[in-house]
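Notes follow the structure.
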Amino acid sequence: MIEWMRFALIVSVAAVDNVVSETVLSFGITRDLVRDRLRWQTIRRKLRRLLVGRR
């Protein structure tokens, strides 16, 4: 009986660890994508101002 409880505890800890690490990785990737998109929007806006200013 104790062996099954120990096995269940190990499996549940491994599952929770996997879910948490995947969640953290997903949030990190999403944050990086948002930062890149905002950076490119800023660059496009500045280039558009430069190009419109030359006309």
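Please treat every number below as a calculation from the coordinates, not as lab data. This one's a predicted model, so the numbers in the text were calculated from it and none came from an experiment. Please note: Cβ atoms are built from the backbone with ideal geometry, for glycine as well, and neighbour counts cover all protein chains shown.
Listing for the model above:
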| quantity | calculated |
| --- | --- |
| For segment 1-51, alpha-carbon Rg over 2.2 N^0.38 Å | 2.26 |
| Rounded to 10°, Cα long-axis angle of helix 2-54 versus longest principal axis of the chain | 0 |
| Listed residues VAL19, VAL52, TRP4: farthest to the positive end of the dipole of the chain (Cβ charges) | VAL52 |
| For the chain, calculated [θ]222 nm from helices alone, where every DSSP H run of n ≥ 4 adds -39500 (n - 2.57) | -36000 deg cm²/dmol |
